[in-house]
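Novice: Handing you this structure, nothing more for now.
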There are 2 protein chains.
Amino acid sequence: MTSTISMGQYLFKRVAELGIEHVFGVPGDFNLTLLDELFKVQELNWLGVCNELNGAYAADGYARIKGVPGVLVTTYAVGELSAMNGVAGAYAEHAGMIHIVGMPTRAVQKARTMLHHTMEPGMDQTIYVGMAEPIRKTHTILTDENTMAQEIDRVIEAGVKSKLPVYIYVPMDVVGIPLDASRLEKRLNTTVINSNLQMEDEVVQSTLELIRKSSKPSILADVLTIRHGGRELARRLASATQFPTYSTPLSKGVFDETDSKYNGVYNGEGKANSRHQNDYLLKASHLVSFPGCADSLESSDLVLNIGFLLSNSNTGGFTRKIPDENLVLLGHDYCQIHDKKFDGIHFLPVLKRIVEEIEKNPKQSSIPKPDTRANISTSGPITQSYIWQRIGRFLRPHDIILSESGTAQFGLTDAVFPPHTQLITQTFWSSIGYTVGACLGALVASREQTGSSTSTSTSPTPRVILLVGDGSLQMTVQEIGSYIRFGFTPLIFVINNNGYAIERAIHGPGMGYNDISMLWDHQSMLGFLGARKETGIQGRSFACRSVEELEGVLDEGEFKSAGCIQ
Amino acid sequence: MTSTISMGQYLFKRVAELGIEHVFGVPGDFNLTLLDELFKVQELNWLGVCNELNGAYAADGYARIKGVPGVLVTTYAVGELSAMNGVAGAYAEHAGMIHIVGMPTRAVQKARTMLHHTMEPGMDQTIYVGMAEPIRKTHTILTDENTMAQEIDRVIEAGVKSKLPVYIYVPMDVVGIPLDASRLEKRLNTTVINSNLQMEDEVVQSTLELIRKSSKPSILADVLTIRHGGRELARRLASATQFPTYSTPLSKGVFDETDSKYNGVYNGEGKANSRHQNDYLLKASHLVSFPGCADSLESSDLVLNIGFLLSNSNTGGFTRKIPDENLVLLGHDYCQIHDKKFDGIHFLPVLKRIVEEIEKNPKQSSIPKPDTRANISTSGPITQSYIWQRIGRFLRPHDIILSESGTAQFGLTDAVFPPHTQLITQTFWSSIGYTVGACLGALVASREQTGSSTSTSTSPTPRVILLVGDGSLQMTVQEIGSYIRFGFTPLIFVINNNGYAIERAIHGPGMGYNDISMLWDHQSMLGFLGARKETGIQGRSFACRSVEELEGVLDEGEFKSAGCIQ
């Protein structure tokens, strides 16, 4: 006699197996009974957000801290379509997401009933399933009772391994179907392996040989190193080899930036290349590298480039100059040594073997270096050259910092991070408003990792710090109410720079289309959304118009301790 | 020598030709130069919204008041995907929308450059174009200079005629391409005609004959009557025939509800039919008809059912009982007389001919009837049976009222509207949060129609009244800041009913997934978003926990006059 478990609980047990404790989403007519099953799974908690786009951002932010996909539950049509931009961002930047969508019953789908959230008579009700095809790795519609369990397993495994969004569509009438519970005794297989071991061997041995032969090597770890779970391996590689290290704009924080071997953010030469010189976007995307950084990296005779993502904003507008003969690319879908490409080889098992090999005979570790790039102001207006480095000095080890696309994102590359800083930013997908939702996810993941506030853990409690512009804030502001509702205490810096400042820098500095409402009273925002005397929830707000005012806040003990939302 | 006009200005001149004065949207890297062209067209104004979903809702609300498509401008990927749910709603409910999306240059598209807002190396950059296919009538990507003008015309004409969303994709590098300006001398052809005149004749003549022969006729005008511009014709038909009239939940307000011939909202029998009796959604969607309304309509020997939309929530969960032999369906894509179907025949030309024929010998007009359904409370808790009828008595002729999906939408069918009331509600698509965005569009359209506040027009200034629940408000609250920014003075009723009340009614009344943050201080919302002493913008807020408190507000002259946002 086999014991059974409802389809809904089976699904959420698999989710919990990944170490996930919170599921994000919005209830809707077509997912209520599914949520009933979620509420029966002790290991999981429901975290209702204000809207689905914010929920997708939150799941994405959660995934970036937790290292497993965030889970988002939405309802048919209105919910899933609202989330699309957020899911696409998780696709572009490999954050990963398990998007579970409640659907009409199988009978209603078959009858093509003109239910609410459909669009016209006789409509194929899977039409929205098709719309999401480009923004996911794979999907399943749970219609066949005989394959449901396998399908759930298959899709979740693909999502965890690929770090791309996956969709599970759940018709309302299947949530209670009994599935074989014994399947749960065998855990999901989420380990990334290369099926072509011979090819993997060649990449490992060739790379090791190049490392041995090199006289001026470098490690350039890009963002997919972090997304695909390779950050610790990259740090071990740096430590064992004592090679100079570099990050990219997207991977900032991948290495300990106080280490003497860390050389900064590499972003090409920072000039437009000729092919695109008439394209203002490509020009605008040219963040320059740190001074001396490009020369130093580009003169290496070996660049180990791990987890690369070669978009415009991450390559100085395609101005990287690393000759193939000095380059080893270790990517998530292929590796390349000089001009030889190894399709389908994932860097993670490769990197693991290389690190283990080199650690057998590691070099002595280096000592932290002083920060020599400080631009210290004590008075006057708050300038770009001051603020970002100052934010860097404000950070403590293990802090999680979110920088919104635009001013904060581009500026923050100037900051020197303390060890174990985690940065969340969306330089490639670049959807403004993202960080306000993602911050909720980061808060949830961070709480899961450090345990409750009464935890006896001795590791420092990470602060979660949000840097967001006034225009981006207006996109998604309501989710700050969720921080308050769920008892989180982030530090929020609203950069009140009078509109879409990054767009003004790109085009139309004086044009009305770059204006936003300047009437919002940010000082009353936390009170409006829940932190005020009557609710008993403490919140503190400050307006800083000068360096003196800002320094006063940044140096204040109560602010720094982040004991309430501020 | 032909004079030329830039592609961008050509497009926006065509938009202005429709009588449109405001364009909604959010700027982004890929539409900034397009917006430069918009700003050169004197007849048009830019109205920047907080985010793209709200922008789509605003364009939809605008269209419902103005009778022509709302125009939405978004940027590549992040913008267009964020808007999808709002566009789909305009599709489902035939609001119409011209969605203009800025894209990368043609050269960048051809090179498949890995620009921000793409998702992976070598990606076909038109991938998002494909995702929107199910939610539009037609689209064009303006890549070919020789056909751009024709394509713009074709797509706009299709959008106006069909009342369905259309997409115009504009690569950044084409906005300045000179087009032949003389094309603009010939106006767009936006008149709906039936190409098969013989078939149209048969529908008209058969219907006229049935009208002549009938002894107990009725007119049931549904929502597509309004959306496709047939409301005035339906009212003229009612006036000329003196037939009893009925609306549906979606078309409430189509007839003058104080007219003695108006019989109420018909919504079937309000009981589940057997086929779907296990489907809680279909049960929940059963709004009952007004007392006596179903019996009266269903005993007619002729029901002229114009502009029908036969979704669950609009048909009492598919419980309409009108036998084919008594039914004339006059729809937007087909008409049907008894069991004979006329595919492709649009009701609008048909209705026009029928009305003109009957008006040659109209019956005498009826007199207004007193409202006999008043449920008048003077004290105690605010109940469902009191509030909606009371809202009805609060309305003035020409008011525009928006009722959010859920409690407000279902409740408001109890209200008796004064003449010329316009209701905006989204019963079929049912995306919560919609009305907060749509209200902005309604405000803009209403201002366009009545002219500026210094106008000497003698028609009463319509008030715009928003009824929204606390859960829906949290979805889209930021757009209330846009009302304030642009000087609008709507009356906003926030129904503070402790979460997703309509979902509680459907399923899980005590479940945590139907909770929302109850910490928001609605009394400080207008101040936070801009209406406060320091800005010089007046806003007034009231908390009403009883009938006495609510009556005190509703009876107050300053409130009723709607001179500031309240």
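Novice: Name the residues whose placed amide hydrogens come within less than 5 Å of the amide hydrogen of B:Glu269, ignoring near sequence neighbours (fewer than 5 apart) on the same chain.
Specialist: Sorted by chain and number, the residues that satisfy this are B:Thr319, B:Arg320.
Novice: Then there's this: Label position 7 Å from Cα toward Cβ: report the copy-to-copy distances for A:Arg540 in nm, one decimal, ordered from shortest.
Specialist: Distances between equivalent label points, in nm: 3.9.
Novice: Taking the Cβ of each residue in A:His94, B:His398 as the centre, tally the other Cβ atoms inside 10 Å and list the residues starting with the fewest.
Specialist: With the fewest neighbours first, A:His94, B:His398 line up as B:His398, A:His94.
Novice: Can you tell me how the protein assembly as shown classifies by the Cα gyration tensor, rounded, prolate or oblate, using a/c under 1.5 as the rounded cut?
Specialist: Judged from the Cα gyration tensor, the protein assembly as shown comes out prolate (a/c at least 1.5, a/b above b/c).
Novice: Taking 0.36 nm per intervening residue step and subtracting the Cα-Cα distance, what contour gain separates A:Ser299 from A:Glu133 on full extension?
Specialist: Stretched fully, the A:Ser299-A:Glu133 segment lengthens by 55.5 nm.
Novice: Can you compute the charge dipole magnitude of the protein assembly as shown about its Cα centre, using +1 on each Lys and Arg Cβ and -1 on each Asp and Glu Cβ, nothing else charged? Give it in debye, rounded to the nearest 20.
Specialist: Charge dipole of the protein assembly as shown: 420 debye, to the nearest 20.
Novice: Using θ = phi - 60° and the Karplus form 6.51 cos²θ - 1.76 cosθ + 1.60, what ³J(HN,Hα) does each residue of the range B:467-479 get, whole Hz, x for Gly and Pro?
Specialist: 10, 9, x, 5, x, 5, 4, 5, 5, 9, 4, 4, 5
Novice: Label chain B by shape, choosing from rounded, prolate and oblate, from the square roots a ≥ b ≥ c of the eigenvalues of the Cα gyration tensor; if a/c is under 1.5 it is rounded, and otherwise prolate applies when a/b is larger than b/c, oblate when it is not.
Specialist: oblate
Novice: For every other residue with a beta carbon closer than 10 angstrom to the beta carbon of A:Thr248, add +1 if it is Lys or Arg and -1 if Asp or Glu, then tell me the sum.
Specialist: +1
Novice: Next question. So which of B:Lys213/B:Lys360; A:Lys137/A:Lys352; B:Lys216/B:Lys363 end up more than 20 Å apart by C-alpha?
Specialist: Listed pairs above 20 Å: A:Lys137/A:Lys352.
Novice: Applying 1/(1 + (r/R0)^6) with R0 = 60 Å to the Cβ-Cβ distance of B:Gln364 and A:Asp333, what FRET efficiency is obtained, to the nearest 0.05?
Specialist: After rounding to 0.05, the efficiency reads 0.15.
Novice: On to the next question. Assume the label is 7 Å from Cα along Cα to beta carbon: what separations in nm does B:Gly19 have to the matching positions in the other copies?
Specialist: Distances to the matching label points in the other copies: 6.2 nm.
Novice: Alpha carbon centre of the range A:129-201 versus the range B:197-230: separation in Å?
Specialist: What the calculation gives is 53 Å, centre to centre.
Novice: Right, here's the next one. Give me the extension gain from A:Thr147 to A:Lys110: residue separation times 0.36 nm, minus the current Cα-Cα distance, reported in nm with one decimal.
Specialist: 11.4 nm
Novice: While we're looking at this one, here's another question. Give me the net charge of A:Gly536's neighbourhood, meaning all other residues with Cβ under 15 Å from the Cβ of A:Gly536; Lys, Arg count +1, Asp, Glu -1.
Specialist: +2
Novice: Could you give the DSSP H helices of chain B that reach 18 angstrom or more along their long axis (alpha carbon positions) and whose average Kyte-Doolittle hydropathy is no lower than 1.6?
Specialist: none
Novice: Helix-only estimate, please: 222 nm mean residue ellipticity of the protein assembly as shown, summing -39500 (n - 2.57) across DSSP H runs of length 4 or more and dividing by its residues, to the nearest 500.
Specialist: Theoretical 222 nm ellipticity from helices: -10000 deg cm²/dmol.
Novice: Taking neighbour Cβ counts within 10 Å as the exposure measure, how do A:Met84, A:Met97, B:Met525, B:Met199 sort from fewest upward?
Specialist: B:Met199, B:Met525, A:Met84, A:Met97
Novice: Going by C-beta contacts inside 10 Å, put A:Cys439, A:Cys50, B:Cys293 in order with the fewest on the left.
Specialist: Listed from fewest to most nearby Cβ atoms, that is B:Cys293, A:Cys50, A:Cys439.
Novice: Just to confirm the numbers: A:Asn196, label point 7 angstrom along the Cα-Cβ line, distances to the other copies in nm, shortest first?
Specialist: Between copies, matching label points for A:Asn196 lie 5.8 nm apart.
Novice: Measure out, as a whole number of angstrom, how far apart the alpha-carbon centroids of the range B:387-453 and the range A:72-97 sit.
Specialist: A separation of 31 Å, based on Cα centres.
Novice: How much net charge surrounds A:Gln478 when only the other residues with a Cβ under 13 Å from the Cβ of A:Gln478 are counted, with Lys and Arg +1 and Asp and Glu -1?
Specialist: Charge balance near A:Gln478 sits at -3.
None of the figures in this text is laboratory data; all of them are computed from the coordinates on show. Everything numeric in this text was worked out from a predicted model, so none of it was measured. Please note: Cβ atoms are built from the backbone with ideal geometry, for glycine as well, and neighbour counts cover all protein chains shown.
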